[in-house]
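K.L.:
Can you read through this structure? Questions will come right after.
Any read-out appearing in this document is the output of simple, stated calculations on the displayed coordinates, not a laboratory observation. Treat the numbers as computed from the prediction; the structure is a model and nothing was measured. When we count neighbours, we look across all protein chains shown, and the Cβ atoms used for this are built from the backbone with ideal geometry, even at glycine.
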Amino acid sequence: MRLSVLFSGGKDSTYAMYLMEQQGHQVDTLISVIPAEKDSWLFHTPNLNLLPLQAMAMQKRLLRAPSQGSEQEDLEALHQALSDMDVDGVVAGAIASDYQWDRINGVCESLRLRLFSPLWRKEQGMLLRDMVEAGVEAMVVKVSAEGLGNDWLGRTLDLDAIKQLEALATSRGVNPSGEGGEYETLVIDSPMHDSCLEIIEVEREITRDGGRLNVKKARLKGEEE
């Protein structure tokens, strides 16, 4: 099948795309909703400036759909983007959020597109380990939960980090995959990348509710700065 993926630049959408390609499907286009506001109930917002670089690293077409940031406007932007696509279905990285899945599925149903969610309801510790073992390298770029301090910003999501997230799930109720907005990631490398991203310049943005790592400059490995 010819599919598009709802791509945020984070670990879940990247790994969902990888799994669908492993099953023999063709995923050529990344669709990214770009909310005007930093906080969106539906879509990832950190470091969306890097989407073109990530698409280039995987040799995928990128379609960006700007939105003012409300839930309705986000869904309308997604509907418009998908209505212009000649595909059989859509891939989403949803894991446990009924709120997100229901709304994305509603848009797909209105366009008679199938929604594929290969991560849906998987045991999260196992899923995170599978991602790492498959070669998905993701960096934490946002934290917003008790127990996830700003020292997590810039940290690679490796097996040791996964153990700590599972411990925080037990002690603090943190969702290990960050499905509740506890943290968000930026994918640096994956099995689909021809070149990994090199981070050159970052800016930390610290608030009373958490922090963000804003990547100001990056390049593909081997490129001139």
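K.L.:
Report ³J(HN,Hα) in whole Hz for each residue of region 195-207, in order, from the Karplus equation J = 6.51 cos²θ - 1.76 cosθ + 1.60 where θ = phi - 60°; Gly and Pro get x.
P.N.:
Residue by residue, region 195-207 yields 9, 8, 7, 10, 8, 9, 9, 10, 9, 8, 10, 9, 10 Hz.
K.L.:
Which residues among region 138-154 fall inside the zone where the amide N is under 13 Å from a point 7 Å beyond the Cα of Thr207, along Cα→Cβ?
P.N.:
142-145
K.L.:
Springs between alpha-carbon atoms under 10 Å, Gaussian network over the chain: tell me which of Gly181, Gly24, Gly135 tops the mean-square fluctuations.
P.N.:
Fluctuation is largest for Gly24.
K.L.:
Between region 36-112 and region 1-33, how many Å separate their Cα centres?
P.N.:
11 Å
K.L.:
Considering amide H positions built from the backbone, and no H for Pro or chain starts, which residues 5 or more places from Ile188, or on another chain, come under 5 Å of its amide H?
P.N.:
Result for Ile188 returns Glu137, Ala138, Met139.
K.L.:
Sticking with this structure for a sec: Let me check against my output: what whole-number percent is the relative contact order of the chain, with C-alpha pairs under 8 Å and at least 6 apart? Before the final figure, lay out the partial values.
P.N.:
Numbers: 440 pairs, mean separation 47.3, N = 225.
Here the relative contact order equals 21 percent.
K.L.:
Right, something else. Taking amide H positions as placed in the peptide plane 1.01 Å from N, state which residues far from Phe43 in sequence (5 or more) or on other chains have amide H under 5 Å from it.
P.N.:
none
K.L.:
May I ask what percent, to the nearest 5, of DSSP beta bridges between residues of the chain are antiparallel? Show your work: numbers first, answer last.
P.N.:
On the way: 20 of 38 bridges.
Given both bridge residues lie in the chain, the antiparallel proportion sits at roughly 55 percent.
K.L.:
Mean residue ellipticity at 222 nm from the helices of the chain, using -39,500 (n - 2.57) per DSSP H segment of n ≥ 4 over the full residue count, to the nearest 500 deg cm²/dmol? Show your work: numbers first, answer last.
P.N.:
Details: 6 runs with 71 residues, N = 225.
Roughly -10000 deg cm²/dmol at 222 nm, from the helical runs in the chain.
K.L.:
Which of the trypsin sites (Lys or Arg not before Pro) across region 16-76 are loop residues per DSSP, with 15 or fewer other Cβ within 10 Å? Mind dumping the intermediate values first?
P.N.:
Values: sites: Lys38, Lys60, Arg61, Arg64; in loops: Lys38, Lys60.
The qualifying sites are Lys38.
K.L.:
What GluC sites (Glu not before Pro) does region 67-125 have in DSSP loop regions with at most 14 other beta carbons within 10 Å? Each step should come with its number before you reach the end.
P.N.:
Details: sites: Glu71, Glu73, Glu76, Glu109, Glu123; in loops: Glu123.
Those that pass, being in a loop and sparsely packed, are Glu123.
K.L.:
Here is a follow-up. Counting only residues 5 or more places away or on other chains, whose amide H sits under 5 Å from the amide H of Val91 once H atoms are built in the peptide plane?
P.N.:
Those lying under 5 Å, H to H, from Val91 are Ser4, Val5, Leu6, Phe116.
K.L.:
Right, something else. If you filter region 91-129 for trypsin sites (Lys or Arg not before Pro), then keep DSSP loop positions with at most 12 other Cβ within 10 Å, what is left? Please list the in-between numbers first.
P.N.:
Values: sites: Arg103, Arg112, Arg114, Arg121, Lys122, Arg129; in loops: Arg112, Arg121, Lys122.
Here the trypsin sites (Lys or Arg not before Pro) that fit, given the DSSP loop and packing criteria, are Arg112, Arg121.
K.L.:
Using alpha-carbon pairs under 8 Å, 6+ residues apart, how would you state the relative contact order of region 80-133 in percent? Walk me through the numbers before you get to the answer.
P.N.:
On the way: 43 pairs, mean separation 22.4, N = 54.
42 percent.
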